[in-house]
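Data first, discussion second: the structure below is written as C-alpha cells.
The values are calculated or read from the model by the stated rules, or taken from the named source; none is laboratory data. Given the structure is predicted, the values throughout are model-derived calculations rather than measurements. Please note: Cβ atoms are built from the backbone with ideal geometry, for glycine as well, and neighbour counts cover all protein chains shown. Side chains are part of the model used for accessible areas, which takes the heavy atoms of the whole protein and leaves out ligands, DNA and RNA. Shrake-Rupley method; radii C 1.70, N 1.55, O 1.52, S 1.80 Å.
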Amino acid sequence: MIIKLVGGSKTVILEVNSVNPEAEKIRVAAKIIQEGGLVAFPTETVYGLGANALNSTTVLALFKTKNRPLDNPPILHIADTCQVYQLVQEVPKNAELLMKHFWPGPLTLIFKRSETIHKESVAGLDTVAIRMPNHNVALSLIKQSGTPIAAPSANLSGKPSPTTAQHVYDDLNGKIDVILDGGPTSIGVESTVLDLSVDPPLLLRPGGTTFENIKTVLPTVVLHSFVTSEQDVKVECARSPGMMHKHYAPNAEMLLVEGTVQAIISKITTLSEQYSGEGKKVGILATDETQKGYSAHVVKSMGSRFDLDMVAKELFKVLREFNENSVDVILAESVPLDGMGLAVMNRLRKASNYHIIKV
Ligand code: AMP
Ligand code: MG
C-alpha cells in the first residue's frame, strides 16, 4: 500500500487499526513528525497533537496551532522507558516504581529536565512532564519517528478535549496535515499529572490513573490544593501552569450543581423552569439515573452514577454535543469524588468556570 498525502488546505483523516496499526500509515505520519509537521493521533486518554519534542521551532508551531498559552508546557510522550533517562537529570527510585506499575498508561510524571530539552519546549521551566501512552498507534508513531513526541490534547485551547478523530477535525481542520483515526479513546479524560521533583510527591492534575491507585504504590503522595479546588486558583500556579487557564468550556454558560442527588435534581428543575421562563434554551447534563425526571430543550446523560469510568469516557463528547444543540445555558449535575470521579469533577468545575451552586 502506498499512501501519498497531497498538499492542500484540508486535513486528511487516515483510518488506522488501533490494535495492529498499518505500518505504511504510521510511516507517513512519522515522516511528517520528522520533517517538523504536526500529527494528531489517538492515545488511551484523549487525542494528542504531536510534534518532535526535541525541535523547539516545531513545538512553538504546535502552541500556535492550538492557540495554546506559551506558559503551558506539553507532555512528552515516549515509547520505551529508556528514553526517560535521556530527557531528565535523574530518575528517582519512586519514579522507577511508578513507571513499572503504571506505564504504559495514563500517568504523567514530572522530572527535573536535562539539557537535551530546549527551555522553549517546556515554557522555561526546569522540569519536564513525561508519559508512555497505552495505545499501539501512539507507541508505533513514537517508535517510527525516532524521537519523543510533545503532545498536548488535539483541540483548540479552552475547548473540551477530543476523544474522536471527528472532534480533532472540527477544531483543527486545515491547520494540520493528518489525523490518525483509531476510533474513540477508551479513558476519555487526560492523564494524571504527578510531580516527583518535589517531596512529598504532588498530584497536580487528576486523570486516568486514580489517586487511590497511586497511593497503593506511593503512600506519601498528596493532592495539590487546586485539584479539589472549588474556585479558580490564580495564585502560585507556576507548578502546574495548565491548571490556571480556561479549559474544557462548551459554548454555552454552564452552572454546576453540587450536593445530594435529591437536592441536585430539585435545584436543576427550579433553575431550568426559571431560565426557560426567560426564553432561554436550557441544556441539562444529567446521569442515567436522573435523566428521565427532567424536561428541558435538551437533556443528556454523561452515564451512570455507578460507573464513573464510563462518565469519564463520555464527558467531553457530551459537552461538545451541547454546542450542536446551541443551548444558552447548561445545568450540570455533580458526581461523587471517588475513583475517576475526582478527574470528572475537576473537568466539570473548570468547564463551568467555577460557577458552582452548592445545595
Ligand atoms: P495537556 O497536554 O493539554 O493535557 O496538558 C498538559 C498538562 O501537563 C498541563 O496541565 C501542564 O500544566 C502539565 N505540565 C506539563 N509540563 C509540566 C511541568 N514541567 N511541570 C508541571 N506541569 C506540567
Ligand atoms: Mg489540553
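Below is a table of values for the structure above.
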{"read-out": "Members of segment 62-120 that are surrounded by fewer than 20 Cβ atoms within 10 Å (Cβ to Cβ) and part of a strand (DSSP E or B)", "value": "Lys112"}
{"read-out": "Answer residue from segment 152-177, given it is touching a Leu at 6+ places or on another chain (Cβ under 6 Å) and among the hydrophobic types (A, V, I, L, M, F, W, C) and is nearest to Pro69 (Cα to Cα) among those", "value": "Ala154"}
{"read-out": "Neighbours by Cβ (under 8 Å, 6+ apart or cross-chain): first from segment 1-22, under 10 Å from Asp177 (Cβ atoms) and open to solvent by less than 90 Å² (accessible area, probe 1.4 Å); second at pLDDT 60 or above and among the hydroxyl-bearing types (Ser, Thr, Tyr)", "value": "Thr11/Tyr169"}
{"read-out": "Options Ile142, Ile176, Ile187; residue that is out of contact with any Pro (no Cβ under 8 Å at 6 or more places or on another chain) and buried (at least 21 other Cβ atoms within 10 Å of the Cβ)", "value": "Ile176"}
{"read-out": "Among residues of segment 87-97, those that are touching a residue at least 40 places away in the same chain (Cβ under 8 Å), within 20 Å of Asp199 (Cβ to Cβ) and touching a Ser or Thr at 6+ places or on another chain (Cβ under 9 Å), counted", "value": "3"}
{"read-out": "Complete set of residues in segment 101-123 that are within 20 Å of Asp199 (Cα to Cα) and charged (D, E, K, R)", "value": "Lys112, Arg113"}
{"read-out": "Residue match in segment 96-108 (condition: under 15 Å from Leu54 (Cα atoms) and within 16 Å of ligand 1 (Cβ to nearest atom))", "value": "no"}
{"read-out": "Unique match (being in contact with a helix residue (DSSP H, G or I) (Cβ under 7 Å, 6 or more places away or on another chain) and either more than 22 Å from Thr185 (Cβ to Cβ) or not in a helix (DSSP H, G or I) (or both)) among Leu342, Leu319, Leu271, Leu337", "value": "Leu337"}
{"read-out": "Considering residues of segment 345-359 that are open to solvent by 10 Å² or more (accessible area, probe 1.4 Å) and not in a helix (DSSP H, G or I) only, the residue nearest to Gln166 (Cα to Cα)", "value": "Asn353"}
{"read-out": "Entirely in segment 162-218, the strands (runs of 3 or more DSSP E) that have 3 or more residues that are more than 16 Å from ligand 1 (Cβ to nearest atom)", "value": "178-181"}
